[in-house]
Amino acid sequence: MTRPTTRPIGPPGALRGWLDALAVVLAGLAAMAAVAALGLWLAGADDLPDGGFPAVLAATLALAVGGSVQLDGGAGDFAAVDAGITAMPLSVSVAGAVVIAEVFLRQLRFRAVAGSGELLARITRTALLWLLALVLLTLGAKHRFTVPLGGDLVQTIGGALGLTPEVGFHAEAPSTVGIGLAWLLLVLAATFAVSRRAPLPPSLVRFQLAVRPPAFALWLVLIGYLAIGAVAGVVTAIVHGNARQTLAVVLLALPDLVWLAFGVGLGAEWHGRLAGGLGLPVPKPLSDALRAPDGHRATVDLGTLTDQDARAWWLLPLAAVLLLAAAFLAAHRSPRTVRLWQHAVRFALATAVTVLLVGLWTRADADYGLSVLGVGLGQGGLGDLLGTVLGGASPLASFGSGSLTLRPVLWTAVPLAAGWGLVCGALGALLATRTRHRGEVMGGAGG
């Protein structure tokens, strides 16, 4: 009598795990590339010389995961380029994050709980393949362009001197790979914090009712701002024309603007400065507020924006209404046994974390300069490249040197957000006392 043969399940199971991880990585990159490519095309990147579009696309993806892009070049001892960009095109980031979360969760569907070892293995495989993708991304995010020197006189002098300035860019490997990995882990952590479909290890199940309702409610607030901004962008494109550039802003940098507006509505401040022109997707009130005289540091808050456009004061009631609605939803999704002060504290913590992340995501640093024999010169070329990579609404007609800095004042923004969350959390819990909570049956409280 022969023994029945048993098919080994190790290798096929391991192969399936790697294929699942590959599907997550490829789906996320494909979504990011599609949004970035369309946005860059609308911004005019298809006109870049020397076949630079794929490299600019790769550089945009590197920026979207938190990396930085360095520009360099020159013309021997006569000309030099000093430039760098650190700014996240958050529309691209959000597209990738949503797709990564969806594909990752679909592989775990119909599961109420999952072992910690299995989840760790899935995350590890996904992270390793993501690291490989980031390395390939940095290799592809490099290119060189020939840059015109400037006007006719400068061009003539440059030709006589034999100057043929070139400017190149490349993604910084340490920041792209390191911060890009942290970006993926943050996306996966947020997925498990927000989604009720995400199975947790048994040891963490008891924490889900404390974390998921406020986390999901704050995620809806961010999505609500995106929806409002998208509608405003479409209306602007229809009413004021220039639809191509406006839609490019929506596809590349909409969250950068509307989530900053959320923080400003709560009373947060950003410090920064805008000198020269970068072709960035910055609305006029924000651009004007950043152009402080004599190179001084500017403050972007509700007061300075209202000075530029009186309609900016609507950011305050908008933030208050959406935050209160989110607090009500969080309380509604929580068991009735949760006390009011617990709602308030949990929602305060969630709001503080949200504003902290918004502040980190909306930081921007961009400096550039092309100098010939120490004199800043140039027209087109580098300015077009900077504007395109950063989702600029219009190419630069000329440039010499310029800079953009935008940094949140987190030490005041986070406590302010916690205060807003505490008040709205308490009010939302009071409003939810008269409604049936999720999972609750008539005549009793749900667990």
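The values are calculated or read from the model by the stated rules, or taken from the named source; none is laboratory data. All values reported here derive from a predicted model rather than from experimental measurement. All Cβ positions, glycine included, derive from the backbone under ideal geometry; neighbour counts span all protein chains shown.
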Among (1) surrounded by fewer than 17 Cβ atoms within 10 Å (Cβ to Cβ); (2) under 23 Å from residue 361 (Cβ atoms); (3) without any contact (Cβ under 8 Å) to a residue 24 or more places away in the chain, which single condition is residue 284 missing? (3)
Tell me which residues, restricted to region 302-328, are of a type in the set (A, V, I, L, M, F, W, C), more than 17 Å from residue 215 (Cα to Cα) and buried (at least 19 other Cβ atoms within 10 Å of the Cβ). 302, 305, 312, 315
Does any residue of region 424-441 turn out to be at pLDDT below 95, in a loop (DSSP other than H, G, I, E, B) and at positive phi? yes
I want to confirm something. Restricting to region 209-249 and keeping residues that are under 16 Å from the mean Cα position of the chain (by Cα) and without any contact (Cβ under 8 Å) to a residue 40 or more places away in the chain, which single residue is nearest to residue 191 (Cα to Cα)? 219
Taking region 155-176, which residues are out of contact with any Gly (no Cβ under 8 Å at 6 or more places or on another chain) and modelled with pLDDT of 75 or more? 169, 170, 173, 174
Just to verify a result, which residue in region 83-111, among those that are touching a Ser or Thr at 6+ places or on another chain (Cβ under 8 Å) and either surrounded by fewer than 17 Cβ atoms within 10 Å (Cβ to Cβ) or farther than 22 Å from residue 358 by Cα (or both), is modelled with the lowest pLDDT? 84
Pairs only if they're at least six apart or on different chains, beta carbon under 6 angstrom, first in region 30-45 and surrounded by fewer than 18 Cβ atoms within 10 Å (Cβ to Cβ) and of a type in the set (A, V, I, L, M, F, W, C), second at pLDDT below 95 and in a helix (DSSP H, G or I); list them, first residue then second. 38/251
Residue identified as within 23 Å of residue 173 (Cβ to Cβ) and in contact with a Phe, Trp or Tyr (Cβ under 8 Å, 6 or more places away or on another chain) among 71, 63: 71
Which condition number does residue 140 fail, the rest of (1) at pLDDT below 85; (2) under 30 Å from residue 45 (Cβ atoms); (3) in contact with a Pro (Cβ under 9 Å, 6 or more places away or on another chain); (4) of a type outside the set (A, V, I, L, M, F, W, C) being met? (1)
If you scan region 329-341, which residues turn out to be in contact (Cβ under 8 Å) with a residue 24 or more places away in the chain and either surrounded by fewer than 20 Cβ atoms within 10 Å (Cβ to Cβ) or charged (D, E, K, R) (or both)? 332, 333, 335, 336, 337, 338, 340, 341
Would you mention how many residues in region 46-65 are surrounded by 17 or more Cβ atoms within 10 Å (Cβ to Cβ) and part of a helix (DSSP H, G or I)? 11
